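The structure appears below as structure tokens.
None of the figures in this text is laboratory data; all of them are computed from the coordinates on show. Here the structure is a predicted model, which is why all the values come from computation and not from measurement. Quick reminder, even Gly has a Cβ in these numbers, built from the backbone with ideal geometry, and neighbours come from all protein chains shown.
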Amino acid sequence: MPVSDSAIIILGASGDLAKRKLIPALERLFHKKEIDDTCRVIGSGRTPFSHDSFRAHFDRDREFSQLLYYHQGIEGIREFVYALKNFKRIIIFFSLPPKVYADTSEALYKEGFRDETTLIIEKPFGYDLDSARQLNADLQRCFNELQIFRIDHYLAKEAVQNILVFRFANAIFYPVWNSRYIESIQINALEDIGVEDRGAYFDGAGIIRDMVQNHLMQLLSLLTMEAPVNLEAEEIRIQKMQILKALEIKRWAKMQYQGYHDEKGVPQNSKTETYAELEMTINNFRWNGIPVYIRTGKAVHRKGTEIGIRFKKGPQLLYNTAGQIPPNQIIFNIQPDAGILMDFMAREPGGSGRISSTNMTFCYSNSFLDAEIPEAYQKLLLDAIRGDRTLFISAEETELSWEKFAPTLQDETPGTYERGTLPPSPLGIDWIDFDKYGSACRLD
Ligand code: BG6
């Protein structure tokens, strides 16, 4: 059933996000009949637009454009929206700088928006524990937690959503998914581009705030949590919280690419890290302190996000007694070429008696040939419009995560690395050779 009689309000609608992502995503949802023509999309911002010039600004197809309206500023917006129609639900997307989230939610409340309203906000959800608490308290003064949808776009990635399916729909993996069989968990999230035009924002954050505290913790939680009793958002949230509670950050190292100081918006003496490596543990019964390694950086040699599960070695009695048998590994290629690989040993043909490492590979591009993978905003907007909180982050999760990361957020003088290269591990970690696996599902 398509969603009907809902108003989707975009605050900050003249900005880049609305043009690049939100409006195209809503148009696709409309054409896929996920939302019907009883819905309206109302833009709001400081720029003066007529309804027609607002429609023209996006240049989408005629049928969809008819659903678009514009109201300048927040004052009077509720009256305007309800003059269009008596909507059942109101979804308000904050495409705004985070510093105005609190005032905006208050203004919306004063306008009269109440229980029928859902607010969608994007990170950063605060800057540290105190600011995150303050933001949550400010938002919750006007709207209750179940009305606040905090986006983490990593959760909308198809290969991320598949992690729970891999773990809980495949009986062969349950027995080995613990510290008895697994030696380490490794998360690798790399980007080849630098901070580009986001220097001013990024410099106030650093890669631990920008990537690790939120996106990569979500990946880790899905990978390591206990099975929820069902797939309700609340049950999954409870299990993810248990992982955050048991998390201990043991060591970290920060680095900065050479030339970062010359980026627009970055001060000459900045100590902000553009690369970080962390060692953590999860102190619970299942994981019992085995290492979790995380590495993420900008301006390194390639873009790619992978998760590696390295298994402990079996007894080395029969084969390669002189050399090493490489460990079995499972690699989740999250992006850009999504898939899963499993390393294992095979006998080399012929009489050499040698064995070598090979792998089994699942690639989305081969297995689901005609499947369309929805773009993140399309998925997230539809879930929020439908009121499904599964892929959204709770206040409690953001606060607990900030609390755990507090020690890593202090200013430290970072080491440096050459732009376009992956620095040698500053913590001396024995990293899985992710470069070898990252391209396994590449089509060209
Ligand atoms: C954003 C960060 O949340 O995620 C960016 O603010 C980062 O700095 C981006 O580049 C990475 O997202 P993706 O989907 O390209 O891996």
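Points to keep in mind about this one:
- If R0 equals 41 Å, the separation of the Cβ atoms of Arg141 and Ser439 corresponds to a calculated FRET efficiency of about 0.25.
- Between 0 and 90 degrees, the angle of helix 376-386 with respect to the longest Cα principal axis of the chain falls at about 60 degrees.
- Average projection, convex hull of the Cα set of the chain: 24.0 square nanometres.
- Extreme residue, positive dipole direction of region 22-171, given options Gln72, Gln161, Ala56 (C-beta unit charges): Gln161
- By DSSP, the beta bridges lying fully in the chain are antiparallel in about 55 percent of cases.
- By average C-beta atoms within 10 angstrom, highest first, the peptides 216-224, 144-152: 216-224, 144-152
- Computed about the Cα centre, the dipole magnitude for the chain is approximately 640 debye when only Lys and Arg (+1) and Asp and Glu (-1) carry charge, each at its Cβ.
- Per-residue packing, averaged as other Cβ atoms within 10 Å, sorts the ranges 258-268, 346-356, 190-200, 272-282 into the order 272-282, 190-200, 258-268, 346-356, beginning with the highest.
- Cross-linked pairs Lys88/Lys123; Lys303/Lys436; Lys245/Lys404; Lys21/Lys379: Cα-Cα separations exceed 18 Å for Lys88/Lys123.
- Near Asp128: Cβ cut-off under 11 Å, other residues only, Lys/Arg at +1 and Asp/Glu at -1. The net charge is -1.
- Helix 158-168 vs. the chain, principal-axis angle (Cα, 0 to 90°, nearest 10): 60 degrees
- Mean residue ellipticity (222 nm) of the chain, computed from DSSP H runs ≥ 4 via -39,500 (n - 2.57), nearest 500: -7500 deg cm²/dmol
- Whole-Hz Karplus values for region 119-129 come out as 9, 10, 10, 10, 4, x, 8, x, 10, 6, 4 Hz, taken residue by residue from phi with 6.51 cos²θ - 1.76 cosθ + 1.60 and θ = phi - 60°; glycine and proline positions read x.
- Net dipole in debye of region 159-213 [+1 Lys, Arg Cβ; -1 Asp, Glu Cβ; about Cα centre; nearest 20]: 480 debye
- The mean sequence separation of alpha-carbon pairs under 8 Å and at least six residues apart, normalised by the residue count of the chain, gives a relative contact order of 18 percent.
- By the beta carbon rule, with partners counted only under 4.7 Å, the chain holds these lone Cys residues: Cys39, Cys142.
- Positive end of the dipole of region 207-305 (Cβ unit charges, origin at the Cα centre): among Val266, Met241, Met225, the Cα lying farthest that way belongs to Val266.
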